[in-house]
1. Going through the stretch 105-122 one residue at a time, which ones are over 23 Å from R177 (Cα atoms) and surrounded by 15 or more Cβ atoms within 10 Å (Cβ to Cβ)?
2. Working only within the stretch 131-157, note down all residues that are in a loop (DSSP other than H, G, I, E, B) and under 24 Å from the mean Cα position of the chain (by Cα).
3. For the stretch 80-92, enumerate the residues that are loosely packed, with under 13 Cβ neighbours inside 10 Å and β-branched (V, I, T).
4. Looking for something under 30 Å from I192 (Cα atoms) and small (G, A, S) - is there at least one such residue anywhere in the stretch 77-84?
5. Which one of I189, I160, I181 is part of a helix (DSSP H, G or I) and at pLDDT below 90?
6. Assess whether E213 counts as being under 19 Å from L88 (Cα atoms), surrounded by 13 or more Cβ atoms within 10 Å (Cβ to Cβ) and charged (D, E, K, R).
7. Do we find that V147 is buried (at least 16 other Cβ atoms within 10 Å of the Cβ) and within 30 Å of E64 (Cβ to Cβ) in this structure?
Amino acid sequence: MSSSSILSSKPSTSSSKSTNSSHPALFNLIYGRFYRASCTTKPPGKPPEPLRLADIDHESTTNEARIRVLQTLMACRTVISTLEATRLRKSRVGFDNWLSFWERVYQRELARKVASPVVHAYRLIDELFRAVAQELKRATQRCVNYVMQAQSAMDISRSIRLFDPVVRLWCRRRRKRARDILDEMRESIKDIPMHVDDDFYTDVKRGVFALNERCEYHPGDPIAEERERVFRLEVPPDKELRKQALSPQYYRDYQERYMQVFHLHYDERRRQELVEQLEQYHTCTDNEGLIHCPTATEQGNGAGSSHGHPGI
């Protein structure tokens with residue numbers, strides 16, 4: 001009989017039973033990958049072996065550890081997606097607000113020069129954070145697969161220990177690359193030439209890129225975001241102010257300081273006018289509050305004496 005006919009033909013039930021009963025060790029050796037170590041066809045009259053308490057405790061401990069770790073990994077994946085979605089939304093809104101602000105504060109050509117390096121950095125930062133978020137999701141899914149296939153709590157713990165350095169590595173690479181991109185943007189704005197201070201650099205990270213000082217996800221500043229959204233150009237910038245990179249937050253503070261000084265000068269001038277009017281009122285009234293015009297009286301007395309009549 002050929003080998004192909006042997007592989008294609010199905011063994012009969014009687015032959016398999018005889019093989020199992022006569023050579024159980026050989027049967028377990030061949031089919032040990034698919035069956036348990038004990039032979040499925042036990043001789044009659046032999047009671048089944050009871051499960052040991054240690055095996056039950058080991059299996060329950062492994063399942064409990066697996067459930068806890070899977071819940072943690074699902075929470076990590078949710079946090080990764082939420083942070084990236086929030087960054088995308090805040091950066092898009094802030095990017096539009098800042099470009100609109102520069103178009104109103106600077107002249108058209110200068111606004112274009114300031115916005116050009118920011119637009120370039122915005123595209124690179126967006127690609128960087130999207131790519132790293134995808135890598136973190138893939139690493140999380142690989143860890144989930146390892147945990148599902150783990151046979152003991154030790155294997156599950158080992159999977160978590162391998163997952164943590166991967167996350168730290170990607171975050172460290174993302175942070176370093178983001179700093180390099182934003183530093184290049186800052187140098188490009190300085191080459192306009194234009195002064196770029198640290199306050200502007202920190203504010204543009206938050207407002208345009210939704211990042212904090214360490215180039216990580218920014219939790220958000222609702223007050224600053226609202227002030228950028230409803231920005232009003234109340235005071236046009238002077239020539240000296242146009243020579244530095246301006247943020248909506250800084251320029252709003254500048255306008256408030258300018259208006260405070262303006263109101264102080266206006267109030268001082270108004271107070272002086274009121275004092276002068278009050279002094280003039282006191283010179284034109286007597287003690288009883290009646291209007292008195294000494295100039296007209298003196299002129300009347302002078303006219304009366306000249307005509308030989310007493311002054312009225």
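The values are calculated or read from the model by the stated rules, or taken from the named source; none is laboratory data. Since the structure is predicted, the reported quantities are computational estimates derived from the model, not experimental observations. Counting neighbours? That spans all protein chains shown, and the Cβs are built from the backbone with ideal geometry, glycine included.
1. Here is the first cut: in the stretch 105-122, the residues over 23 Å from R177 (Cα atoms) are 105-113.
Within the stretch 105-122, V105, Y106, L110, A111, K113 qualify.
2. Within the stretch 131-157, no residue meets the criteria.
3. Within the stretch 80-92, just T82 meets the criteria.
4. So far as the stretch 77-84 goes, no, none of its residues is under 30 Å from I192 (Cα atoms) and small (G, A, S).
5. Exactly one of I189, I160, I181 is part of a helix (DSSP H, G or I) and at pLDDT below 90, namely I160.
6. The answer is no for E213.
7. In short, yes.
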